[in-house]
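Notes follow once the structure below has been shown.
The values are calculated or read from the model by the stated rules, or taken from the named source; none is laboratory data. Small disclaimer: the values here were computed from a predicted structure and weren't measured. No Cβ is skipped: glycine too gets one built from the backbone with ideal geometry, and neighbour counts run over all protein chains shown. SASA here: full protein model, heavy atoms, side chains in, ligands and nucleic acids out. Shrake-Rupley method; radii C 1.70, N 1.55, O 1.52, S 1.80 Å.
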Amino acid sequence: MKPKPLNETCPWSGKPVSEDSLTTYRGQVVGFCNPGCRDKFEAANRAFDAAIEKVTNNG
């Protein structure tokens, strides 16, 4: 059984979610319209997490 995303449309494009474009964010399954949108989301999260980590460790 495949996980069900919490959203029905892609947060980037507004198009319907595709089963091959799911990721987990903060313990929830989030869907995107294609793997490119999913990968863009994951890259943005990594960049923000790294920036927060840097600020947290330096402050």
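Worth pointing out:
- Restricting attention to the range 15-37 and to residues that are open to solvent by less than 50 Å² (accessible area, probe 1.4 Å) and in contact with a Leu (Cβ under 9 Å, 6 or more places away or on another chain), the residue that is farthest from Lys2 (Cα to Cα) turns out to be Phe32.
- All positions within the range 41-59 that are open to solvent by less than 100 Å² (accessible area, probe 1.4 Å) and either basic (Lys, Arg) or under 25 Å from Glu8 (Cα atoms) (or both): Phe41, Glu42, Ala43, Ala44, Asn45
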